[in-house]
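A.B. asks: Got a structure for you, written out below as C-alpha cells; questions coming shortly.
The values are calculated or read from the model by the stated rules, or taken from the named source; none is laboratory data. Just so it is clear, the structure is predicted and the values come from calculations on it, not from any experiment. All Cβ positions, glycine included, derive from the backbone under ideal geometry; neighbour counts span all protein chains shown. Surface accessibility is based on the protein's heavy atoms, side chains included, excluding ligands, DNA and RNA. Shrake-Rupley method; radii C 1.70, N 1.55, O 1.52, S 1.80 Å.
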Amino acid sequence: MTVSPDPTSVPGGSAAGAATTARPGLWRGRILIILGLLLLGIGLRYAVTGLSPLLTTVTSELGIGTAGATIIGMLPTLSFGIGGFVAPLIVRRIGPEGTALVAVTMAAFGSLLRPFIDSPALFMGLTFLALLGMGFGNVVGAPLVKKHFPDRQATMVSAFTLLMQAGATLPAITAVPVSDTAGWRASLASWGLISLLAILPWTLILLRNRPNPNDSPTGTTRASAGGPQLGLAQILRSPVALGTALFYAMASLNIYAMLAWMPTILEDGFGLDKSGAASAFSVYTFMTLPMAVITPILANKLRNPTLLAVLMAAVGPLGYLAMIFGVGPLWGAALIAGLAGGAFPLAIAMFNLRSRTPSGSAAVAGFAMGVGYLFGTLGPLLGGWLFSATGDWTVPLWVYAATVFPMTVGAVSMAKPGRYIEDVLDTIHRG
C-alpha cells in the first residue's frame, strides 16, 4: 500500500496536469452547492436517532403496540435499502441536484408532520416518507461531490460523511432534553427544520441551472452530461458493484447489529453494569466521527486502498474476539470494533474512486446501499434469533466475526486499482 504523490483525486488525472492547472478556490462559484451538500449530509439520520430515545414515550402516547414498535425499528434500514435501489433511477431522470431536492423535501415533510399526527398508521407512514427521502440523500451525496468537486473529492466526501455522522449523534443527545423542556412533539419536529432549510439552496441551484429554452436538449446530451446510464443487468456484471455491495452489506449487518445489541451484550453477556455498558457503547459510537474524516482522505491518497478496505473489514471482528477472549478492558474492545465505523465513509469515497462519471457513481452507490441496508435489517434480527436459540451472546459474536471473510472478498473486489463500474459497458460492447 503506497501513498500516491498525485494531489488530485480525479481518476486518470496526472501530477503534471495538476501542476500546470491551478485548482479553483473551494468556495468560488460553489457556495450554494456546498451549503446544500452540508445541509443534506447533516439531515440524513435525525429521523432515526432523534426518535430512538423517545420511542417508549411516543408509542405510549400514540397507542402503538409492540408489533408497531418493531416495525418502526425496521423502517430505517428498509427505507434506506429501497431508497438505494430507486434513487439512481431518479438521478437518471432529473439529475443529482433534482434528486437532492426531492430527498430534502420528503425528509422535511415527513419529519415535520409526523409528531403532530395522532394516528399510528399515519405516524409510521410519515416516518417511512422521511426515511425514504433520507435514503435518496444517502445515494446522491457521492455523485454530487463527483460532479461539482472533482478537484476536492477527499475534502468534500470527508465533510459530507462527518456531518452525516454528526447528524446521527447530535439528535440522540438533544432528544430527551428538548422533550423535557418543550415536549416530545417539539423534540421530534426540531431537527426537521434542517431539511426544511435545505430546500432553499437546492431550489436555487435548480433555478440557476435551468436549461435555455432556445436549446433543444436531447437524450444524448442529457446522458453525456452525467455519463452513460447503467441498468441493473449491467451493474450485476460489474466486479466493482458486486464487491462494493458485499462490503457495504457486511458493514451494515455488523454495525446495525451492534447499535441494537452491544449494550445488552456487554451487560448480560460480560457482566458490565448499566453505566459501564453505556460508557463502552458511547466509545463505540464516538469512533464513527474521526473515522468519517480519516478513511475518505486515506482512500484518495493511496494508489491502492485495498489494505485499508481489508482493515475496515477486520477491525469489527477483532473487537468481538477481544470481548470473547477477554483481551483487555471491554471499552477497549468496543473501541477496536468502533473503528469499523470507517467502512461506510470508505465505501462512499470508493463510489467516486471506482466510477468515471456522476451517473456511474450513482449506480454503484444505489446498488451497494440498496443491498447493504437490506442486510442491515437482518443484523439485529440475526443476533436476537441466535441468542434466543442458544441463550448465549457469544454465539452471535462468533457469527458476526465470521463476516470478516465475505467482507474481505468484497473489499478486494471493490478497491482493486484500475477498475471502474463503467468498464462493464466496454466489456459488453466488445462481446
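A.B. asks: Once you've got the GNM for the chain with C-alpha springs shorter than 10 Å, pick whichever of SER361, SER282, SER413 has the biggest mean-square fluctuation.
C.D. replies: Taking springs between Cα atoms under 10 Å, the residue moving most is SER282.
A.B. asks: Another one. Between PRO296, TYR46, LEU318, whose Cα lies farthest towards the positive end of the dipole of the chain when Lys and Arg beta carbons carry +1 and Asp and Glu beta carbons carry -1, centred on the Cα centre?
C.D. replies: Value computed over the given set: PRO296.
A.B. asks: Can you send over the solvent-accessible area of THR377, 1.4 Å probe, protein chains only, in Å² to the nearest 10?
C.D. replies: About 20 Å², ignoring ligands and nucleic acids.
A.B. asks: Separate question: Distance between the C-alpha centers of the stretch 378-429 and the stretch 319-337? Whole Å please.
C.D. replies: With the stretch 378-429 and the stretch 319-337 each reduced to a Cα centre, they are spaced 21 Å.
A.B. asks: Looking at the chain, what % of the alpha carbon pairs are farther apart than 29 Å?
C.D. replies: Tail of P(r) above 29 Å: 45 percent of Cα pairs.
A.B. asks: Carbon and sulfur atoms: what percent of the 1.4 Å accessible area of the chain do they account for?
C.D. replies: So the carbon and sulfur contribution to the accessible surface is 69 percent.
A.B. asks: Quick check: with the 1.4 Å probe, what order do ILE324, ILE235 take by accessible area, largest first?
C.D. replies: The most accessible residue leads, giving ILE324, ILE235.
A.B. asks: Just from its helices, what would the mean residue ellipticity at 222 nm be for the chain, if runs of 4 or more DSSP H residues each count -39500 (n - 2.57) and the sum is divided by every residue, rounded to the nearest 500 deg cm²/dmol?
C.D. replies: -25000 deg cm²/dmol
A.B. asks: Arrange the residues GLU267, GLU61, GLU422 by how much accessible surface each exposes, largest first, with a 1.4 angstrom probe.
C.D. replies: GLU61, GLU267, GLU422
A.B. asks: Also, quick follow-up: How big is the equivalent ellipsoid of the stretch 266-308 along its three axes, where each semi-axis is √(5λ) from the Cα gyration tensor, reported in whole Å from largest to smallest?
C.D. replies: Equivalent ellipsoid semi-axes, largest first: 34, 11, 4 Å.
A.B. asks: I'd like the Karplus ³J(HN,Hα) series for the stretch 299-308: coefficients 6.51, -1.76, 1.60, θ = phi - 60°, whole numbers in Hz, and an x wherever there's a Gly or Pro.
C.D. replies: Each residue's phi maps through the Karplus curve to give 4, 6, 7, 8, 5, 10, x, 4, 4, 4 Hz.
A.B. asks: Share of Cα-Cα pairs in the stretch 313-430 beyond 25 Å, in percent?
C.D. replies: In whole percent, the long-distance tail amounts to 36.
A.B. asks: Still on this structure: Which peptide among 39-49, 99-109 comes first, and what is the full order, when sorted by highest mean count of other Cβ atoms within 10 Å?
C.D. replies: Answer by packing, highest mean first, reads 39-49, 99-109.
A.B. asks: Let me ask something else. Once the cut-off is 28 Å, how many percent of the Cα-Cα pairs in the stretch 33-181 end up in the long-distance tail?
C.D. replies: Of all Cα-Cα distances in the stretch 33-181, 21 percent exceed 28 Å.
A.B. asks: In the full protein assembly as shown, how much of PHE281 is accessible to a 1.4 Å probe, in Å² to the nearest 10?
C.D. replies: Roughly 50 Å² of PHE281 is accessible to a 1.4 Å probe.
A.B. asks: Just reorder SER158, SER119, SER388 by solvent-accessible area, largest first, 1.4 Å probe, all chains present.
C.D. replies: SER388, SER119, SER158
A.B. asks: Calculate, in nm to one decimal, what THR390 and THR57 gain on full extension: separation in residues at 0.36 nm each, minus their alpha carbon distance.
C.D. replies: 116.7 nm
A.B. asks: Given +1 on the Cβ of Lys and Arg, -1 on the Cβ of Asp and Glu, and no further charges, what dipole in debye does the chain carry about its Cα centre, rounded to the nearest 20?
C.D. replies: Dipole about the Cα centre, nearest 20: 1440 debye.
A.B. asks: Mind listing the phi-derived Karplus ³J(HN,Hα) values for the stretch 193-208, rounded to whole Hz, using 6.51, -1.76 and 1.60 with θ = phi - 60°, and x for any glycine or proline?
C.D. replies: Once θ is set to phi - 60°, the couplings for the stretch 193-208 become 5, 4, 5, 4, 5, 5, 4, 4, x, 5, 5, 5, 4, 5, 5, 5 Hz.
A.B. asks: For LEU302, list long-range residues whose amide hydrogen, built 1.01 Å from N in the peptide plane, is under 5 Å from its own amide hydrogen.
C.D. replies: SER4
A.B. asks: Hey, what do the phi angles of the stretch 47-56 turn into as Karplus ³J(HN,Hα) couplings, whole Hz, using 6.51/-1.76/1.60 and θ = phi - 60°, x for Gly and Pro?
C.D. replies: Once rounded to whole Hz, the list reads 5, 8, 6, x, 8, 3, x, 10, 4, 4.
A.B. asks: Oh, and also: Between ALA233 and ARG185, what FRET efficiency follows from the Cβ-Cβ distance if R0 is 35 Å, with the result rounded to 0.05?
C.D. replies: Calculated value: 0.15.
A.B. asks: Taking the full set of protein chains and a 1.4 angstrom probe, give the accessible area of PHE286 in square angstrom, rounded to the nearest 10.
C.D. replies: That residue has around 120 Å² of solvent-accessible surface.
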